[in-house]
Amino acid sequence: MKKYLLAGALSTLLVSCEGQNARTAGDARIEPVSIIRFDKALFRLVESGDTALWPGLADQYPEMLRVLGQGVLNLRSAEAPGFLGKTLRYYSEPTLRALYRDAIERYDSIPDIERALGQGFAYLRTHFPAARIPAVYMHVSGLNQNVLAGDSLLSLSIDKYMGADYPLYQEFFYDAQRSLMRPELVAPDYIAGWLMSEFPFEGRENVLLDRMVYEGKIKYLVAEALGIDDEALLMGYTPEALEWCERHEGAIWTGMIERKHLYTPDLLTTSQYFEDAPTAVLAEGAPGRPGVWIGWQIVRRYMEETGSTPEALMRNTDAQAILTGSKYKPQ
């Protein structure tokens, strides 16, 4: 697995974790993923302040500490002078410590998430046989990195999935951001994190079509891997917001083309299509992230029209070819 730190709100169920995923093999022998609870191990050190626990923690979780240091603490190595001291100071800040305690309590038992990931990674093993499935961890970042990915691990920051109504979130995040910080989105964000690490974006960041198609690929495969049909859930939309997109799909697409936004390399304009908060770039009433939603529709049509495999989809970095192959022309 490539070394990437994935930040921001990775949009995107719990599937109904109790159900079978028809898109995997529907195989009852699929084993749940056993998530390694680094979050609990580190919290024992933070709560007790017992530095005698540090050598054991460092021996058991060397890679996790390395990526945590680089992604959250801005330290290059767990062997760096002062690593332990900085870690304790960071997590002992009263507000963060209370958040950490709440997150540990909220995610004390996670069988539904582990079952969902068992199905999701079974799908990924089937369709990406050469790819390496990592060890899966949980951590707390202090509302920092959503996902940490290393050579052989993938970890999610559970303090960013406390629910849209969690009191602390009211101080730091807009409604549209909080809609992506729900427990239902833990499993999808693990799968999205894996996909983004294995298949990093190789297009042009300032070109709308490139960004849309890449984001659409991620959404499409998360939905397939976890067997999710609820687009509103995956997008972090209300049912009304999704209905708006569906009703105005043709107008959204036409507006992109008429404004020459699709190909013009303008980062400022392009970024507006991926902001969490509603944007007036298209029309009054449009929800946030319309570029993600349109990209998802393009990729879904492309898969239907071409019969491409998931692996071929991710290897194809030609966004224009995917758009052309999709025959996407919403009315």
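The values are calculated or read from the model by the stated rules, or taken from the named source; none is laboratory data. Computed from a predicted model, the values in this text were never measured in an experiment. Positions of Cβ are backbone-derived with ideal geometry, glycine not excepted, and every protein chain shown enters the neighbour counts. Just so you know, the surface numbers come from the protein's heavy atoms only, side chains and all, with ligands and any DNA or RNA stripped out. Shrake-Rupley method; radii C 1.70, N 1.55, O 1.52, S 1.80 Å.
For the stretch 81-130, a tally of residues being within 22 Å of residue 186 (Cα to Cα) and assigned to a loop (DSSP other than H, G, I, E, B) returns 5.
Test residue 42 against the stated conditions and say whether it is surrounded by 18 or more Cβ atoms within 10 Å (Cβ to Cβ) and either at pLDDT 90 or above or not hydroxyl-bearing (Ser, Thr, Tyr) (or both). Taking the combined requirement at face value, the residue satisfies it.
The set of residues in the stretch 108-134 that are modelled with pLDDT of 95 or more and more than 21 Å from residue 220 (Cβ to Cβ) comprises 108, 109, 110, 111, 112, 113, 114, 115.
Per-residue answers, yes or no, for (1) touching a Gly at 6+ places or on another chain (Cβ under 9 Å); (2) assigned to a helix (DSSP H, G or I); (3) over 21 Å from residue 228 (Cβ atoms):
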| position | (1), (2), (3) |
| --- | --- |
| 181 | yes, no, no |
| 185 | yes, yes, no |
| 195 | no, yes, no |
| 203 | no, no, yes |
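Of the residues in the stretch 168-175, at least one is surrounded by fewer than 19 Cβ atoms within 10 Å (Cβ to Cβ) and within 30 Å of residue 262 (Cα to Cα).
Taking the stretch 135-162 on its own, how many of its residues are open to solvent by 10 Å² or more (accessible area, probe 1.4 Å), of a type in the set (A, V, I, L, M) and either farther than 19 Å from residue 222 by Cα or part of a loop (DSSP other than H, G, I, E, B) (or both)? Explain how you work it out, then say what you get.
So the first thing to find is which residues in the stretch 135-162 are open to solvent by 10 Å² or more (accessible area, probe 1.4 Å), and the list is 135, 137, 142-145, 151-152, 160, 162.
Among the residues that remain, those that are also of a type in the set (A, V, I, L, M) are: 135, 143, 162.
From the residues that got through so far, the ones that are either farther than 19 Å from residue 222 by Cα or part of a loop (DSSP other than H, G, I, E, B) (or both) too are 143, 162.
Residues flagged as open to solvent by 10 Å² or more (accessible area, probe 1.4 Å), of a type in the set (A, V, I, L, M) and either farther than 19 Å from residue 222 by Cα or part of a loop (DSSP other than H, G, I, E, B) (or both) within the stretch 135-162 amount to 2.
The one condition from (1) open to solvent by 30 Å² or more (accessible area, probe 1.4 Å); (2) under 27 Å from residue 125 (Cβ atoms); (3) more than 22 Å from the chain's Cα centre (by Cα); (4) among the aliphatic types (A, V, I, L, M) that residue 322 does not meet is (1). Just a yes or no: is a residue in the stretch 249-259 open to solvent by 30 Å² or more (accessible area, probe 1.4 Å), modelled with pLDDT of 95 or more, of a type outside the set (A, V, I, L, M) and in a loop (DSSP other than H, G, I, E, B)? No, every residue in the stretch 249-259 fails to be open to solvent by 30 Å² or more (accessible area, probe 1.4 Å), modelled with pLDDT of 95 or more, of a type outside the set (A, V, I, L, M) and in a loop (DSSP other than H, G, I, E, B).
In the stretch 289-307 there is at least one residue that is outside any helix (DSSP H, G or I), within 18 Å of residue 223 (Cβ to Cβ) and open to solvent by 30 Å² or more (accessible area, probe 1.4 Å).
Tell me, yes or no, whether the stretch 187-204 has at least one residue that is among the basic types (Lys, Arg), open to solvent by less than 20 Å² (accessible area, probe 1.4 Å), in contact with a helix residue (DSSP H, G or I) (Cβ under 6 Å, 6 or more places away or on another chain) and within 27 Å of residue 266 (Cα to Cα). So far as the stretch 187-204 goes, no, none of its residues is among the basic types (Lys, Arg), open to solvent by less than 20 Å² (accessible area, probe 1.4 Å), in contact with a helix residue (DSSP H, G or I) (Cβ under 6 Å, 6 or more places away or on another chain) and within 27 Å of residue 266 (Cα to Cα).
Does residue 324 fit the bill of being assigned to a loop (DSSP other than H, G, I, E, B), among the β-branched types (Val, Ile, Thr) and farther than 20 Å from residue 231 by Cα? Even if it seems obvious, please write down each step before you answer.
On the way: assigned to a loop (DSSP other than H, G, I, E, B): no; among the β-branched types (Val, Ile, Thr): yes; farther than 20 Å from residue 231 by Cα: yes.
Answer is no for this residue.
Do we have any residue at all in the stretch 29-37 that's within 22 Å of residue 101 (Cβ to Cβ), assigned to a helix (DSSP H, G or I), open to solvent by less than 80 Å² (accessible area, probe 1.4 Å) and modelled with pLDDT of 90 or more? The answer is no; no qualifying residue exists.
Going through the stretch 174-197 one residue at a time, which ones are of a type in the set (Asp, Glu) and under 29 Å from residue 313 (Cα atoms)?
Filtering the stretch 174-197 for residues of a type in the set (Asp, Glu) gives 175, 184, 189.
Those that are of a type in the set (Asp, Glu) and under 29 Å from residue 313 (Cα atoms): 184, 189.
Looking for something open to solvent by less than 20 Å² (accessible area, probe 1.4 Å), in a helix (DSSP H, G or I) and not aromatic (Phe, Trp, Tyr) - is there at least one such residue anywhere in the stretch 270-288? Looking for residues that are open to solvent by less than 20 Å² (accessible area, probe 1.4 Å), in a helix (DSSP H, G or I) and not aromatic (Phe, Trp, Tyr), one finds at least one in the stretch 270-288, hence yes. For the stretch 55-107, name all the residues that are of a type outside the set (S, T, N, Q), open to solvent by 60 Å² or more (accessible area, probe 1.4 Å) and at pLDDT below 90. Within the stretch 55-107, 76, 79, 81 qualify. Can you say whether residue 209 is aliphatic (A, V, I, L, M) and at pLDDT 95 or above, as far as the supplied structure shows? So residue 209 passes the test.
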